[in-house]
Amino acid sequence: MAPNLSETDKSKVKKYRHSVTFEMNADKTNRLQKNDKRKSCLQKMYATLPTASELKQYASITICVILLWGTSWFIFKGTVLPGTEIFNMAALVIIGYVFGHTLERYTTITPVVGMTLVGALFRTFYGKNFLENSTVDAIDYHLRRIYPVIILTKGPLSWNWNYIKRNSVKVFTLATLPWIVECLTTAFLTHMLFGYPWYWGIHLGAILASVSPAVVVPTTLELNTKGFGLKNQIALLVANAGGLDTAFTEGMFGVINSAVFSQSAPIYRIVKALLAVFVGIGLGIAWGVLADYLPDHSDFYAPTIRSLHIFAGGIFIMYAAGYFSWGGTSGVAIMVCAGAAATRWSRRGWPINNNPVSEVYKLLWRIFEPMLFTLSGYFLEVSQITPKDFGLMVACIFSALALRMLTAFLVAVVNGLSLKEGIFIAIAWTPKAIVEAVLVRVATDSLWTEGTTPQDKFIATQHSNMIVIAILTTSTLGSVLTTVLGPVLLSNDAKVVPEDIYRPQTLSPPSDSNRENNNLDNLQYIDAQ
């Protein structure tokens, strides 16, 4: 039997039960919230894990690498065994590839940063410089003749020439004016802060002034698919203006490099400087037309033969122009050739933003990308940099970058973009990566055979150091800022964008037989260097 309780005791029991029940409910709620958070974290972690298809791809690549290494042993014997310089070089590239893409998977940072960082850390802690080995040094030297052919061909094959023609002022001013401002600012600051001769400053400025749209274009495209920046076609603007910035860099740097280091008569240098770009345009158009004429467009092997045609011509002109000190000619010729060929192919039914040859070069770049950035990071010589020098280098890089961003912002606003879109364009013009990585050793390679002073050798080394520092800092900053601020700065125009923006854009109407292949949105195929 229940004991007899007074009214006071009953009230206390009621309050106690209510208190216990409340505390138990709160505790249960907290546990549920913690479980939900734990499940959410686990789901996010699970989403970042490689899929079964990706694991199979990685396994296939790993098997291929092992078999290629095993084959090389039968040819070169002990020179490719673990511990040798060639093996270390290859291992460094593989580690850079894995770390770079792992960093991309779990952060918003572009993989080129991880690859470059691996090279820099390996050089710092490994102890020996494997580039002192003549074979390894020759491999890296000749790879840097191949990289530009792939990079400079890949971009123009995917440019939207129809968009460029309709927005020529906006695209060309954005591609050139910020470049000029940063180049001259870098020359001025290196002269004032480091005492570099003006020609060394302009030489470095012509390298650092190049933007790398490949760092931010993937983010911009992702924003585009969500409806951000559609009204003013921000993705197209960033990709195409950034690509033309690279073309402008190639032409100007080639002329500057030849003018500074070519050991020839002054009059001959002036003639080369005036004619290099025009000669490159002429060669590029001629080779591009030939790539359209041969083989026949209906040939089953046309994509493969055309890919080899452009690649062989690019390699030849790259070496020939370097041999005759006409450096400004090669880059321009390669880009014009690719652009002219893609334009003519579009008239025969190949979508200008999605032709079969461009797919070949995307695959080639996927293979050569880790080689370029990992081995470029290896040129950072920390032992040659004092804390004061490092501070001055960073100040020089970011001071010139700030003026570049301001110029890009003003150009964007003057050309009709909103203030927020102008800020986004300025941020997109931050990263330095591909051109800088390709040219990281050009200063030391171009030094005069006679009359080179210890100061020139020191400046050439510092050039490489500053370039690697610029890649690591600006690419990280650019990739993070575009990802974080993109949705804030770009309005979501999915409901107000004109329908014709979604229409495929080719230079001429496709034939009926190919019309079905051109239905995909042209924005899907934007690609940049």
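General remarks:
- Rounded Å value of the spacing that divides the Cα centres of segment 412-440 and segment 211-238: 11
- Inter-centroid distance (Cα atoms) of segment 271-289 relative to segment 93-145, Å: 34
- Probe 1.4 Å, accessible area per residue of segment 35-155, Å²: 60
- In segment 109-223, one over the average inverse separation of all distinct C-alpha pairs is 17.8 Å, which is the Kirkwood hydrodynamic radius.
- If the convex hull is drawn through the Cα atoms of segment 139-203, its volume per residue in Å³: 108
- Check: segment 325-436 dipole with +1 on Lys, Arg Cβ and -1 on Asp, Glu Cβ, in debye: 440
- For Asp292, the shell of other residues with beta-carbons less than 11 Å away shows a net charge of +3, using +1 for Lys and Arg and -1 for Asp and Glu.
- For segment 361-377 versus segment 323-341, the inter-centroid distance based on Cα atoms is 21 Å.
- Subset of Lys165/Lys420; Lys272/Lys362; Lys170/Lys432 violating a 29 Å alpha-carbon distance limit: Lys272/Lys362
- Here segment 52-104 has 79 percent of its accessible surface on carbon and sulfur atoms, given a 1.4 Å probe and all protein chains in place.
- Environment charge at Leu177 (Cβ cut-off 12 Å; Lys +1, Arg +1, Asp -1, Glu -1): 0
- Spherically averaged projected area of segment 168-280 from its Cα convex hull (nm²): 8.7
- Neighbours of Ser464 by Cβ distance under 12 Å: Lys/Arg scored +1, Asp/Glu scored -1, total 0.
- Farthest toward the positive end of the dipole of segment 82-241, out of Ala91, Thr135, Trp179, is the Cα of Trp179, where the dipole comes from beta carbon charges about the Cα centre.
- Dividing the convex hull volume of the alpha-carbon atoms in segment 329-386 by its residue count gives 110 Å³ per residue.
- Amide H contacts of Phe228 (H built 1.01 Å from N, in plane; Pro and chain starts excluded): Asp493 sit under 5 Å, all sequence-distant by 5 or more or on other chains.
- Karplus-derived HN-Hα couplings along segment 323-332 (A = 6.51, B = -1.76, C = 1.60, θ = phi - 60°), whole Hz, x at Gly and Pro: 5, 8, 6, 10, x, x, 7, 5, x, 5
- Among the protein heavy atoms of segment 109-261, carbon and sulfur supply 66% of the accessible surface, probe 1.4 Å, non-protein parts ignored.
The values are calculated or read from the model by the stated rules, or taken from the named source; none is laboratory data. Remember, predicted model here, so these are calculated numbers, not experimental data. Every residue, glycine among them, receives a Cβ derived from its backbone with ideal geometry; neighbour counts consider all protein chains shown. Note: areas computed on protein heavy atoms with side chains; ligands, DNA, RNA excluded. Shrake-Rupley method; radii C 1.70, N 1.55, O 1.52, S 1.80 Å.
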